[in-house]
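First comes the structure, then the notes that go with it.
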Amino acid sequence: MSQTLNLLKTPFHDFHVSQGARMVDFAGWDMPLLYHSIIAEHQHTRKSASVFDVSHMGRIKFTGPDGMRFLNHLLSRNIAAATVGQSLYSLVCNENGGVLDDVIVSRLEKYHLMVCNASNRLKLLAWFDRHRPGFDVQISDETLQTAMVALQGPKVIELLDSVLPEPVTGLQRYHCTVQRYMFVPFTIFRSGYTGEDGVEVICGNSTALMAIKFLMKSDGQGGNSLVQPAGLGARDTLRLEAGMPLYGHELSETVDPISAGLIWAVAKDKDFVGSRVLTGLMQHGTPQKLVGLLIDSPRTPRQDMPVLGNGKPIGRITSSTVSPTLGRTIAMAYVQSEFAQPGTAVEVDLRGTPLPATITKLPFYKRTV
């Protein structure tokens, strides 16, 4: 059996193939890298609306009397403070303060739902089992039984208001609600990973293809010019422009959230796994910080290439790309804290060739309306 046949497939797989997507192995899933052009898909998201298949991401449900207390023990945010219908970006840390994953946890009426990274789902499930003793909590992995899409772009809300049974204009950022369409329930979250406005929608597998065809329905000219599919390539360039961390690049089990600039996602009013170490880092500072880099070259450095200050190594690249919006090379990097001030001149060592760069504040891009 070929490697491709061994990969997990989302409920939208046939749709991707029918649209001519270039499929790649991503965390054990057969996923669309692009349909026609990463740059075109990126730009379409910034000006209109794109639909991304994010069904590969983990979806884990927590129920039972101790569900909230269990999550509060393991997550960096104060989950108990969330109201019904609210979502919180949070971190699952190990005892040393390293990040096991960055997640979004939403409080629904009768349960909590966690969305995690595809590559970390099984690791987290094992971590939760390890910490479950002493808590009356049921943990259900819903990933393979559900589908998830992200609709991102400045025209998304207008589009959804025109087709959904209930408008989403009034849904606040990082909030969620359950709706029904033709008696079929789905959960809609006003969140995303692109720097644009938009939503993420979870529905059952059996209705997934119907849902995406509905969103991509014909405009009478053979297609919907407002909404176009976009792949993992554009998703990565969009999130990098928006200064959003990617697990395995900016975040890992050896990187703490304070160094990553995520101090806002660490509660100071409760104990949780790793909190003692993180409290010390908040009090005394960290030796390195995550920064943005504007690079004066069309060449893009790879992950872990050295960043130089005064000719000496002071850090490493975590992500980089040529920004389709800015038209120049950008990167994120960890550098020694004394070099992290915006405006500091540094260099990137591209296999012996120094590329001039300037430290800049994140994000690189922020929508204005």
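The values are calculated or read from the model by the stated rules, or taken from the named source; none is laboratory data. Model, not experiment: these values are computed from the prediction. Cβ atoms come from the backbone with ideal geometry, glycine included; neighbour counts cover every protein chain shown.
Please verify whether L124 is closer than 29 Å to D30 by Cβ and either free of Cβ contacts under 8 Å to residues at least 12 places away in the same chain or surrounded by 14 or more Cβ atoms within 10 Å (Cβ to Cβ) (or both), treating the condition exactly as stated.
yes
What number of residues within segment 10-50 are of a type in the set (F, W, Y) and under 20 Å from the mean Cα position of the chain (by Cα)?
3
Looking at T344, T325, T360 in this structure, which one is within 25 Å of S252 (Cα to Cα) and surrounded by 12 or more Cβ atoms within 10 Å (Cβ to Cβ)? Lay out the reasoning, then the answer.
Numbers: T344 fails: within 25 Å of S252 (Cα to Cα); T325 fails: within 25 Å of S252 (Cα to Cα).
Going through T344, T325, T360 in turn, just one is within 25 Å of S252 (Cα to Cα) and surrounded by 12 or more Cβ atoms within 10 Å (Cβ to Cβ): T360.
Go through segment 214-272 and give me each residue that's β-branched (V, I, T), within 29 Å of V51 (Cβ to Cβ) and at pLDDT 95 or above.
T237
So V178 clears everything in (1) of a type outside the set (S, T, Y); (2) within 24 Å of H73 (Cβ to Cβ); (3) touching a residue at least 24 places away in the same chain (Cβ under 8 Å); (4) surrounded by fewer than 20 Cβ atoms within 10 Å (Cβ to Cβ) except one condition, right? Which one?
Only one criterion is unmet by V178, namely (2).
Of these, S87, S18, which one is at negative phi and free of Cβ contacts under 8 Å to residues at least 24 places away in the same chain?
Among S87, S18, only S18 is at negative phi and free of Cβ contacts under 8 Å to residues at least 24 places away in the same chain.
Are any residues in segment 46-73 of a type in the set (A, V, I, L, M, F, W, C), in contact with a Ser or Thr (Cβ under 9 Å, 6 or more places away or on another chain) and either on the phi > 0 side of the Ramachandran plot or surrounded by 21 or more Cβ atoms within 10 Å (Cβ to Cβ) (or both), and if so, which ones?
Result: F52, V54, M57, F62, L71.
Please count how many residues of segment 322-341 are within 19 Å of G285 (Cβ to Cβ) and not in a strand (DSSP E or B). Give the derivation first.
Going residue by residue through segment 322-341, those that are within 19 Å of G285 (Cβ to Cβ) are 333-341.
Filter once more, keeping what is not in a strand (DSSP E or B): 337-341.
Residues meeting the conditions: 5.
Out of Q288, Q283, which single residue is at pLDDT 95 or above, within 30 Å of R69 (Cβ to Cβ) and more than 21 Å from the chain's Cα centre (by Cα)? Please lay out each step first, then the result.
Working: Q288 fails: within 30 Å of R69 (Cβ to Cβ).
Step by step, each of Q288, Q283 is checked, and only Q283 is at pLDDT 95 or above, within 30 Å of R69 (Cβ to Cβ) and more than 21 Å from the chain's Cα centre (by Cα).
How about segment 1-78: which helices (runs of 4 or more DSSP H) wholly inside it have at least 1 residues that are modelled with pLDDT of 95 or more?
13-18, 38-47, 67-74
So, of the residues in segment 89-118 that are farther than 18 Å from I258 by Cβ and aliphatic (A, V, I, L, M), which turns out to be farthest from the chain's Cα centre (by Cα)?
Step by step, filter segment 89-118, then rank; the result is L108.
Pick out, from segment 203-321, the helices (runs of 4 or more DSSP H) lying fully within it that include 1 or more residues that are surrounded by fewer than 17 Cβ atoms within 10 Å (Cβ to Cβ) and touching a Phe, Trp or Tyr at 6+ places or on another chain (Cβ under 7 Å).
205-215
Scan segment 74-87 for residues that are under 19 Å from the mean Cα position of the chain (by Cα) and surrounded by fewer than 21 Cβ atoms within 10 Å (Cβ to Cβ) and jot them down.
Listed by number, the list holds a single entry, Q86.
Which of the residues spanning segment 132-165 are assigned to a loop (DSSP other than H, G, I, E, B), exposed (fewer than 15 other Cβ atoms within 10 Å of the Cβ) and modelled with pLDDT under 95?
Listed by number, the list holds a single entry, P165.
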